[in-house]
(Lines give C-alpha, C1' and ligand atoms only; values in the text may rest on other atoms or scores of the structure.)
Protein backbone atom coordinates (compact mmCIF):
# COMPACT_ATOMS: atom_id res chain seq x y z
CA UNK A 1 0.00 0.00 0.00
CA UNK A 2 1.38 3.40 -0.95
CA UNK A 3 0.99 6.56 1.07
CA UNK A 4 -0.79 8.16 -1.89
CA UNK A 5 -3.37 5.33 -1.90
CA UNK A 6 -3.89 5.61 1.84
CA UNK A 7 -4.44 9.37 1.76
CA UNK A 8 -6.98 9.09 -1.03
CA UNK A 9 -9.07 6.38 0.65
CA UNK A 10 -8.68 7.86 4.12
CA UNK A 11 -10.18 11.25 3.25
CA UNK A 12 -12.70 12.46 5.81
CA UNK A 13 -14.03 15.92 4.91
CA UNK A 14 -15.14 18.04 7.86
CA UNK A 15 -18.70 18.12 6.50
CA UNK A 16 -18.92 14.37 7.10
CA UNK A 17 -18.94 14.86 10.87
CA UNK A 18 -22.62 14.96 11.85
CA UNK A 19 -24.16 17.27 14.48
CA UNK A 20 -24.37 14.29 16.85
CA UNK A 21 -20.64 13.54 16.52
CA UNK A 22 -21.02 10.60 14.11
CA UNK A 23 -18.32 10.33 11.49
CA UNK A 24 -20.56 9.71 8.46
CA UNK A 25 -17.55 8.36 6.55
CA UNK A 26 -17.69 5.30 8.84
CA UNK A 27 -21.44 4.77 8.50
CA UNK A 28 -22.85 1.93 6.42
CA UNK A 29 -25.47 4.33 5.05
CA UNK A 30 -22.71 6.47 3.56
CA UNK A 31 -20.49 3.59 2.39
CA UNK A 32 -23.09 1.40 0.69
CA UNK A 33 -23.76 1.81 -3.02
CA UNK A 34 -27.56 1.42 -3.10
CA UNK A 35 -29.60 4.27 -1.57
CA UNK A 36 -26.39 5.88 -0.37
CA UNK A 37 -26.73 8.63 2.23
CA UNK A 38 -24.66 11.71 1.34
CA UNK A 39 -23.95 12.42 5.02
CA UNK A 40 -25.76 14.66 7.48
CA UNK A 41 -24.10 17.93 6.47
CA UNK A 42 -23.11 17.13 2.89
CA UNK A 43 -24.88 19.28 0.30
CA UNK A 44 -22.38 19.48 -2.55
CA UNK A 45 -24.55 18.39 -5.49
CA UNK A 46 -26.29 15.69 -3.46
CA UNK A 47 -28.97 17.71 -1.73
CA UNK A 48 -31.64 16.22 -3.98
CA UNK A 49 -30.91 12.77 -2.59
CA UNK A 50 -33.29 11.93 0.20
CA UNK A 51 -32.25 9.50 2.88
CA UNK A 52 -34.31 8.32 5.79
CA UNK A 53 -31.67 9.27 8.33
CA UNK A 54 -31.35 12.82 6.97
CA UNK A 55 -35.07 13.52 6.94
CA UNK A 56 -36.15 11.73 10.12
CA UNK A 57 -33.16 12.18 12.43
CA UNK A 58 -34.39 14.10 15.45
CA UNK A 59 -30.86 15.18 16.38
CA UNK A 60 -29.90 16.47 12.91
CA UNK A 61 -33.22 18.29 12.64
CA UNK A 62 -33.26 19.53 16.24
CA UNK A 63 -34.42 23.13 16.57
CA UNK A 64 -31.31 24.01 18.59
CA UNK A 65 -29.08 22.83 15.72
CA UNK A 66 -31.13 24.34 12.90
CA UNK A 67 -31.43 27.78 14.50
CA UNK A 68 -27.81 28.01 15.64
CA UNK A 69 -24.85 28.85 13.44
CA UNK A 70 -22.78 25.98 14.82
CA UNK A 71 -22.61 22.50 13.37
CA UNK A 72 -22.52 20.32 16.48
CA UNK A 73 -24.83 19.56 19.40
CA UNK A 74 -22.11 20.36 21.89
CA UNK A 75 -21.85 23.95 20.62
CA UNK A 76 -25.50 24.77 20.12
CA UNK A 77 -27.40 23.27 23.02
CA UNK A 78 -27.55 24.24 26.68
CA UNK A 79 -28.84 20.73 27.43
CA UNK A 80 -25.81 18.93 25.95
CA UNK A 81 -25.93 16.00 26.05
CA UNK A 82 -29.69 15.74 25.64
CA UNK A 83 -31.72 12.58 26.22
CA UNK A 84 -31.79 11.69 22.51
CA UNK A 85 -28.02 12.01 22.20
CA UNK A 86 -27.49 9.97 25.37
CA UNK A 87 -29.70 7.19 23.98
CA UNK A 88 -27.83 7.19 20.66
CA UNK A 89 -24.50 7.27 22.46
CA UNK A 90 -25.47 4.34 24.70
CA UNK A 91 -26.52 2.24 21.69
CA UNK A 92 -23.28 2.98 19.83
CA UNK A 93 -21.11 2.35 22.89
CA UNK A 94 -22.70 -1.07 23.38
CA UNK A 95 -23.00 -2.21 19.75
CA UNK A 96 -20.02 -0.51 18.08
CA UNK A 97 -17.63 0.60 20.85
CA UNK A 98 -17.95 4.22 19.75
CA UNK A 99 -19.19 7.27 21.63
CA UNK A 100 -20.86 10.24 19.95
CA UNK A 101 -20.57 12.27 23.15
CA UNK A 102 -16.83 11.55 23.43
CA UNK A 103 -16.45 12.53 19.76
CA UNK A 104 -18.16 15.88 20.38
CA UNK A 105 -16.09 16.52 23.49
CA UNK A 106 -12.92 15.79 21.54
CA UNK A 107 -13.99 18.15 18.75
CA UNK A 108 -14.50 20.88 21.36
CA UNK A 109 -11.16 20.18 23.04
CA UNK A 110 -8.82 19.70 20.07
CA UNK A 111 -10.75 21.03 17.06
CA UNK A 112 -12.33 19.33 14.06
CA UNK A 113 -9.11 18.82 12.05
CA UNK A 114 -7.27 17.11 14.91
CA UNK A 115 -10.37 15.00 15.61
CA UNK A 116 -10.42 13.88 11.96
CA UNK A 117 -6.70 13.00 12.08
CA UNK A 118 -7.44 10.81 15.11
CA UNK A 119 -10.42 9.24 13.34
CA UNK A 120 -8.23 8.28 10.38
CA UNK A 121 -5.76 6.55 12.68
CA UNK A 122 -8.49 4.81 14.66
CA UNK A 123 -10.61 3.59 11.74
CA UNK A 124 -8.03 2.66 9.08
CA UNK A 125 -7.65 -1.01 8.24
CA UNK A 126 -4.05 -2.02 9.01
CA UNK A 127 -4.09 -4.50 6.12
CA UNK A 128 -5.36 -2.47 3.16
CA UNK A 129 -5.57 1.16 4.34
CA UNK A 130 -9.28 1.57 3.66
CA UNK A 131 -11.58 3.15 6.21
CA UNK A 132 -13.43 0.58 8.31
CA UNK A 133 -17.20 0.75 8.64
CA UNK A 134 -18.32 1.22 12.25
CA UNK A 135 -21.37 -0.97 11.60
CA UNK A 136 -19.46 -4.01 10.27
CA UNK A 137 -17.13 -6.32 12.21
CA UNK A 138 -14.57 -6.64 9.37
CA UNK A 139 -13.02 -4.40 6.73
CA UNK A 140 -15.31 -4.23 3.71
CA UNK A 141 -12.33 -4.16 1.34
CA UNK A 142 -10.14 -7.00 2.56
CA UNK A 143 -12.12 -8.74 5.34
CA UNK A 144 -9.54 -8.03 8.07
CA UNK A 145 -11.05 -8.14 11.58
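The values are calculated or read from the model by the stated rules, or taken from the named source; none is laboratory data. Model, not experiment: these values are computed from the prediction. Because the Cβ atoms are built from the backbone with ideal geometry, glycine has one as well, and the counts that use them run over all protein chains shown.
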Test set (1) part of a helix (DSSP H, G or I); (2) surrounded by 19 or more Cβ atoms within 10 Å (Cβ to Cβ); (3) modelled with pLDDT of 75 or more - residue 86 fails condition number | (2)
Which residue, of 60, 84, is out of contact with any helix residue (DSSP H, G or I) (no Cβ under 6 Å at 6 or more places or on another chain), over 18 Å from residue 39 (Cα atoms) and in contact (Cβ under 8 Å) with a residue 12 or more places away in the chain?
-> 84
Members of region 65-75 that are free of Cβ contacts under 8 Å to residues at least 24 places away in the same chain and assigned to a helix (DSSP H, G or I) = 66, 67
Scanning region 93-115 for residues that are closer than 17 Å to residue 28 by Cα, in a helix (DSSP H, G or I) and in contact with a helix residue (DSSP H, G or I) (Cβ under 6 Å, 6 or more places away or on another chain) gives 100
Matching residues, region 110-135, being touching a residue at least 40 places away in the same chain (Cβ under 8 Å) and loosely packed, with under 13 Cβ neighbours inside 10 Å | 113
Among 13, 19, 38, which is the only one that is modelled with pLDDT of 85 or more and out of contact with any helix residue (DSSP H, G or I) (no Cβ under 7 Å at 6 or more places or on another chain)?
-> 13
Conditions: (1) at pLDDT 75 or above; (2) within 15 Å of residue 17 (Cα to Cα); (3) part of a loop (DSSP other than H, G, I, E, B). Residue 43 meets all but one. Number of the miss?
-> (1)
State whether one or more residues within region 100-113 are farther than 15 Å from residue 17 by Cβ and in contact with a strand residue (DSSP E or B) (Cβ under 7 Å, 6 or more places away or on another chain).
-> no
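Yes/no matrix, rows are residues, columns are (1) surrounded by 10 or more Cβ atoms within 10 Å (Cβ to Cβ); (2) more than 30 Å from residue 137 (Cβ to Cβ); (3) modelled with pLDDT of 80 or more:
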residue	(1), (2), (3)
48	no, yes, no
57	yes, no, no
63	no, yes, no
66	yes, yes, no
69	no, yes, no
